[in-house]
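To start, the structure under review is shown below, and the notes come after it.
The values are calculated or read from the model by the stated rules, or taken from the named source; none is laboratory data. Keep in mind that this is a model prediction, so the values were computed, not measured. Positions of Cβ are generated from backbone atoms using ideal geometry, with glycine treated the same way; all protein chains shown enter the neighbour counts. Side chains are part of the model used for accessible areas, which takes the heavy atoms of the whole protein and leaves out ligands, DNA and RNA. Shrake-Rupley method; radii C 1.70, N 1.55, O 1.52, S 1.80 Å.
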Protein chains: 2
Amino acid sequence: MSQVAGQVWTERLQRRWADGRMLCVGLDPVWDRLPVALRGSAHVEESIYRFNQAIIDATAEFACAFKPNIAYYEALGSEGLSALSRTVAYVHAQYPELIVLLDAKRGDIASTNEAYAVAMFDVLGADAVTVSPYLGAEALEPILARADRGVFVLVKTSNPGAGEFQDIQIGPNEPLYEGVARRVATAWNSRENCGVVVGATYPAEIGRVREIIGDMPMLIPGVGAQGGTLGDVLGVGLDSTGGGVLINVSRRVIYASTDEDYAVAAAGEAGQLADEILLARHG
Amino acid sequence: MSQVAGQVWTERLQRRWADGRMLCVGLDPVWDRLPVALRGSAHVEESIYRFNQAIIDATAEFACAFKPNIAYYEALGSEGLSALSRTVAYVHAQYPELIVLLDAKRGDIASTNEAYAVAMFDVLGADAVTVSPYLGAEALEPILARADRGVFVLVKTSNPGAGEFQDIQIGPNEPLYEGVARRVATAWNSRENCGVVVGATYPAEIGRVREIIGDMPMLIPGVGAQGGTLGDVLGVGLDSTGGGVLINVSRRVIYASTDEDYAVAAAGEAGQLADEILLARHG
């Protein structure tokens, strides 16, 4: 369940970014959208695990990370959580050069975040997680203190209504999301294990956050189903080395087909996205 | 797994508040702090469930709600989640006049919040949940749309560092947490199923939020282990009917003793808190 020995998550990402692999595959299984053949057994844990295995095998060569969103596993009960745990272990065993970024958006008081750190890093084995900033760094300390794991803080989320609070002005020409990015970059990142989350649906904001955070890693969800374009995103999102981003795509890849050829279709879609990323990077 | 027929969660709370029962018992089991006798079996699910049953039976008469924080169950893996699910069902079966408020502090984009709504309301059976406001109402809509369930939004949390973002000024004499409370009261609560969370450690803020939200329910954690006092809290927190608050206490009750007399000790502590609440209410 622990991290792959000798390979810090940031180093693994940098190695993938070096040859342009910035795709992050979102593993968000929804029971009703699984191929019928997999749903036949009604054995939830095994079906979800086998679906994830097939997607992982089909897309790993194009990716730098897998990002399961824990909500989809919780919706399937304790069997879903078991499938998630086995999925993380599978990636670590078969593809130790990739990372597993658990999308959990957790955030509670410090004593409770100790329990979340155990759940996410030790029980589930994630290399990195997403967290919500609302309670501040003092509360997140038990998660931030895990220096060998990554902590991606929500800055500007990809949803249409993200601005309700995130765009509120907190100073002259400074919206809240920029204030969050600044705090993460200047204070929370003392162990150099932080990243940020900015939605592909807000390219201008990606550029402003990149200016604030320097070369910190940036998770960018919302390409594809949510509508952001790769050209817009990479034009402003890359770090000074031409890497630094995890471009997450979930539904477009894992539901490329819902027939028996779903793994082949996922590979095709991931390969095409990888090509588009390479093109956009050099464009 | 569903709600108790014919008894909306708000009505159940109001009935308890009418005779001054405002105690909310936090069910946050930590394996190493359980009574040795329960840990002997090393059967995690059964041990946690039996611990919770005993605490519930010992404290229900003094309480209006039970509040399991899901982090502590996730830290115990899928067995922990099974114990949580059984715990919620136990409360509904044995004490249908109380509610289960699941402390999860969830918040993701809308499509993912659909999965969280299933996980929290349908799989686990919670009557109400806590959510984080950072992504805004548009993202939370699938949770808010469950009109028969409660949605308690984090406004000012109980942790010492809560102010890092929550106290940022967003207008003339208006900190962010007040802005959140105002949005919840004026826009998010159209189905009259919202509540707010304000820490007992910030009594002045409890008073300001009460002015903003009128008679909406307020969850107040942080009495006891975190240091807030009942007199301060109830002096400013009650609604116009003399109720309206869920005073959460976790560790002081459930770990009143870690010996075999833990249930008796929990009952004693809960009874004393109930008396203190009655006194403070009339003081």
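Within the listed set B:R33, B:R149, B:R251, the Gaussian network model of chain B (springs between alpha-carbon atoms below 10 Å) gives the highest mean-square fluctuation for B:R33.
Peptide B:67-73 is shielded by partner chain Cβ atoms: per residue, an average of 5 of them sit within 10 Å of its Cβ.
When a 1.4 Å probe is rolled over the protein heavy atoms, the share of accessible surface on the stretch B:43-196 that falls to carbon and sulfur comes to 49 percent. For the stretch B:7-56, the extents of the C-alpha atoms along the principal axes are 42, 19, 14 Å, listed from largest to smallest. Sorting A:56-62, B:42-48, A:186-192, B:25-31 by their mean Cβ neighbour count within 10 Å, with the most densely packed peptide first, gives B:25-31, A:56-62, B:42-48, A:186-192. Using a 7 Å projection from Cα along Cα-to-Cβ, the label point at A:A187 is separated from the same position in the remaining copies by 2.6 nm, smallest value first. Inter-label distance, B:T186 to A:R182: 2.6 nm, where each label sits 7 Å from its Cα along the C-beta direction. Over the C-alpha trace of the stretch A:136-283, radius of gyration and Dmax come out as 16.5, 55 angstrom.
Averaged over every viewing direction, what's the projected area of the C-alpha convex hull for the stretch B:93-193? Give it in nm², one decimal, please.
The directionally averaged projection comes out at 7.4 nm².
Per-residue shielding of B:116-128, expressed as the average number of other chain Cβ atoms within 10 Å of the residue Cβ, stands at 3. From the largest down, the stretch A:211-283 spans 45, 20, 18 angstrom on the principal axes of its Cα atoms.
Buried surface for the B/A pair, taken as the accessible area of each chain alone minus that of the pair with a 1.4 Å probe, is close to 4300 Å² in total. What is the percent of Cα-Cα separations in chain A that go past 24 Å? Result for the distance tail: 47 percent. Of all DSSP beta bridges confined to the protein assembly as shown, the antiparallel ones make up roughly 5%. Measuring spread by the Cα atoms of the protein assembly as shown yields a radius of gyration and Dmax of 23.2, 71 Å.
Extension gain, A:V264-A:Q7: 0.36 nm per intervening residue step, less the Cα-Cα distance, totals 89.5 nm. Projecting label points 7 angstrom from Cα along Cα→Cβ for A:A42 and B:R86 puts them 2.3 nm apart.
Sorted from closest to farthest, the other copies place their A:T229 label points 6.3 nm away, with each point set 7 Å from Cα along Cα→Cβ. Distance from the C-alpha centroid of the stretch A:146-192 to that of the stretch B:148-212: 20 Å, rounded to the whole angstrom. Annotation: lysines with alpha-carbon distance below 22 angstrom to A:K156 (same-chain offsets under eight excluded): A:K67, A:K105, B:K105, B:K156.
Given a 1.4 angstrom probe, what's the average accessible area per residue across chain A, in square angstrom?
That works out to 33 Å² per residue.
When averaged across all projection directions, what area in nm² does the alpha-carbon convex hull of the stretch A:1-132 cover?
Mean projected area for the stretch A:1-132: 8.2 nm², to one decimal.
Shielding by partners for peptide A:78-84, expressed as the average number of C-beta atoms from other protein chains within 10 Å of each residue's C-beta, is 5.
Take B:G40, push a point 7 Å out from Cα through the beta-carbon direction, and compare it with the same point in every other copy: 4.9 nm, smallest first.
Ranked by the mean number of other Cβ atoms within 10 Å per residue, highest first, peptides A:170-182, B:66-78 order as B:66-78, A:170-182.
Shown for the stretch A:220-267: the carbon plus sulfur share of the solvent-accessible area, taken with all protein chains present and a 1.4 angstrom probe, equals 48%. Working note: Cα gyration tensor of the stretch B:198-241, eigenvalues times five, square-rooted, sorted largest first, giving semi-axes of 17, 9, 9 Å.
Given only helices, namely DSSP H runs of n ≥ 4 each adding -39500 (n - 2.57), what is the per-residue ellipticity at 222 nm of the protein assembly as shown, to the nearest 500 deg cm²/dmol?
Taking each H run of at least 4 residues, the total per residue is -13000 deg cm²/dmol.
Computing Rg and the Kirkwood Rh from the Cα coordinates of the stretch B:66-148 gives a ratio, Rg/Rh, of 0.97. Chain B residue nearest the rotation axis toward A, with distance: B:S78, 2 (Cβ to axis, whole Å).
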